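To start, the structure under review is shown below, and the notes come after it.
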Amino acid sequence: MRLLKAEELFRKLLEGGSKKQPRLLGLDVGSKYVGLAVSDQKNRIALPLSVLGRTKTNINLMADDFKTLVKNYSLAGLVVGYPFNLQGQSSPDASQVSLLVGELCKTGKLDDLSYTYWDENFTSKCVEALLNPLKLNDPVETKTMTDKFAAVCILQVRPPNPG
């Protein structure tokens with residue numbers, strides 16, 4: 001995997017050149033789960049996709065899942081939520097994100113894939129506020145729903161596609 005500045009990843013997306021419009025995958029990385037969202041084919045709307053369980057021993061399975069998603073959705077890259085503090089510096093939670101990305105890179109299974117970091121400040125809190133009126137009773141369902149929709153927020157809040 002190759003880290004790009006956000007502008008470079010979005011430029012790469014616009015220049016695609018393939019018959020199928022490349023898409024983006026948004027990631028909300030937590031200590032137990034990774035919420036996923038995928039852009040529509042015109043890269044205008046982010047849609048919740050799924051949640052992957054995260055353990056210390058399943059990184060190769062996760063890389064395989066990402067590889068399948070790259071193929072199935074014609075993904076051009078990942079937009080990884082990164083927890084910056086209000087001063088724009090890495091917050092303590094950022095180590096979880098860096099660790100996951102580093103482990104995915106080490107598998108060698110996603111070498112053709114580019115990624116960028118995007119500020120995820122308050123995405124989970126916003127989703128929690130939206131889900132609260134639904135009064136979901138199952139804490140696992142609530143957490144996975146929060147993670148998926150936080151990934152939507154990460155992917156949706158980016159520079160608009162001028163095309």
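Structure data summary
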{"quantity": "Residues of the range 111-147 satisfying the condition of being within 12 Å of D28 (Cβ to Cβ) and small (G, A, S)", "calculated": "S124"}
{"quantity": "Every pair of residues 6+ apart whose Cβ atoms lie under 6 Å, when the first sits in the range 62-76 and is under 13 Å from L104 (Cβ atoms) while the second is open to solvent by 30 Å² or more (accessible area, probe 1.4 Å) and of a type in the set (K, R)", "calculated": "A63/K109; K67/K109"}
{"quantity": "Answer from C153, C105 - the residue that is within 28 Å of D64 (Cβ to Cβ), in contact with a helix residue (DSSP H, G or I) (Cβ under 6 Å, 6 or more places away or on another chain) and not acidic (D, E)", "calculated": "C153"}
{"quantity": "Any hit, the range 121-134, residues being of a type outside the set (A, V, I, L, M), touching a residue at least 12 places away in the same chain (Cβ under 8 Å) and under 13 Å from L3 (Cα atoms)", "calculated": "no"}
{"quantity": "Pair list, Cβ < 6 Å and 6+ apart or interchain, from the range 96-113 residues that are in contact (Cβ under 8 Å) with a residue 24 or more places away in the chain and acidic (D, E) to residues that are surrounded by 15 or more Cβ atoms within 10 Å (Cβ to Cβ) and in a helix (DSSP H, G or I)", "calculated": "E103/I59"}
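Each row is one residue, and each column tells you yes or no for (1) aromatic (F, W, Y); (2) over 19 Å from K125 (Cα atoms); (3) in contact with an Asp or Glu (Cβ under 8 Å, 6 or more places away or on another chain).
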residue	(1), (2), (3)
R23	no, yes, yes
G26	no, no, no
Y33	yes, no, yes
N58	no, yes, no
D65	no, yes, no
S74	no, yes, no
G77	no, yes, no
G81	no, no, yes
N85	no, no, no
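The values are calculated or read from the model by the stated rules, or taken from the named source; none is laboratory data. Note that the coordinates shown come from a computational prediction; the quantities given were computed from them, not determined experimentally. All Cβ positions, even for glycine, are placed from backbone atoms using ideal geometry, and neighbour counts span all protein chains on display. Accessible surface is based on the protein model in full, side chains and every heavy atom, while ligands, DNA and RNA are left aside. Shrake-Rupley method; radii C 1.70, N 1.55, O 1.52, S 1.80 Å.
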